[in-house]
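The values are calculated or read from the model by the stated rules, or taken from the named source; none is laboratory data. Quantities reported herein were computed from a predicted structural model and do not represent experimental measurements. Cβ coordinates were reconstructed from backbone atoms using ideal geometry, including for glycine residues, and neighbour counts include every protein chain displayed.
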Ligand code: ATR
């Protein structure tokens with residue numbers, strides 16, 4: 001029987017995940033289907049239960065349900081636990097394993113697709129919400145020289161840094177206090193670009209050859225990226241590669257097979273169906 005997977009969210013019509021997973025399945029010869037499921041805002045749990053009862057094998061979870069997915073599944077991987085959010089569920093009989101592949105997706109995109117060196121790097125992570133929390137553990141696992149979490153509301157950045165203090169050299173900061181520091185990789189994990197805004201950063205943050213990374217995709221050159229270009233960032237990137245890499249990691253969790261992401265990402269970048 002063909003195994004069933006899906007991505008659940010609200011809204012969900014825009015999701016590229018079905019196209020990406022269909023491409024992975026073709027490429028690796030895996031027998032599976034992957035659909036979109038629109039869950040009512042007050043009906044996440046019922047939607048999951050129904051999918052499982054019908055024999056579904058796994059789900060990706062996207063906005064606004066990543067925290068509910070965390071609560072849904074008490075059996076969590078270490079990286080899901082650290083992220084405080086879940087984007088991947090795997091069902092096996094009565095078991096439900098909760099995982100989070102976002103952080104691995106980001107670090108793989110940075111290293112493999114963009115050629116960034118994270119070991120010994122000075123990394124600046126902007127934002128202290130769910131998107132930021134989801135990537136801290138995998139970033140620290142790469143042994144950077146420093147990971148600075150900077151947020152408009154500084155207390156949230158400080159709390160987040162304290163939470164991960166045992167995992168590596170991480171500290172919280174305000175935007176203003178960044179003045180005078182330089183970074184090799186700057187990641188925008190704020191939601192500012194959703195509203196067409198940009199974090200209010202001091203100038204001079206970008207070291208020669210540095211990379212500015214916007215975690216969102218499909219928004220063209222956001223305010224953050226425009227600012228980074230003007231401030232001398234060596235390279236600019238959006239989060240499309242992270243999307244493909246987090247999907248590949250979920251595919252690996254479910255199927256034990258690692259798809260080749262490069263052709264899929266190249267076709268998406270060209271505006272083609274992968
Ligand atoms: P997400 O799950 O996408 O991280 P979130 O938990 O609501 O969403 O967090 C949004 C993040 O974007 C926060 O760090 C927020 O900063 P505050 O904690 O100060 O609110 C940040 N953010 C949103 N709009 C911003 C803006 N215009 N400038 C700077 N930071 C912004």
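Data table
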{"item": "Selection status of residue 139, assigned to a strand (DSSP E or B) and either more than 9 Å from the ligand (Cβ to nearest atom) or closer than 20 Å to residue 112 by Cα (or both)", "result": "no"}
{"item": "Segments classed as strands (runs of 3 or more DSSP E), wholly inside segment 40-128, with at least 3 members that are within 16 Å of the ligand (Cβ to nearest atom)", "result": "122-126"}
{"item": "Residue list for segment 184-201, restricted to those being within 7 Å of the ligand (Cβ to nearest atom), in a loop (DSSP other than H, G, I, E, B) and loosely packed, with under 14 Cβ neighbours inside 10 Å", "result": "197, 200"}
{"item": "Of the criteria (1) within 16 Å of the ligand (Cβ to nearest atom); (2) more than 25 Å from residue 98 (Cβ to Cβ); (3) within 16 Å of the chain's Cα centre (by Cα), which one residue 237 fails", "result": "(1)"}
{"item": "Complete set of residues in segment 142-170 that are away from the ligand (no atom under 14 Å from the Cβ) and either assigned to a helix (DSSP H, G or I) or more than 12 Å from residue 183 (Cα to Cα) (or both)", "result": "142, 143, 162, 163, 164, 165, 166, 167, 168, 169, 170"}
{"item": "Test: residue 199 is touching a helix residue (DSSP H, G or I) at 6+ places or on another chain (Cβ under 6 Å), closer than 20 Å to residue 231 by Cβ and not assigned by TED's automatic domain parsing to the domain that holds residue 245", "result": "yes"}
{"item": "Which listed residue is surrounded by 21 or more Cβ atoms within 10 Å (Cβ to Cβ) and either over 25 Å from residue 218 (Cβ atoms) or outside the structural domain of residue 137 (by TED's automatic domain parsing) (or both), from 59, 38, 97", "result": "59"}
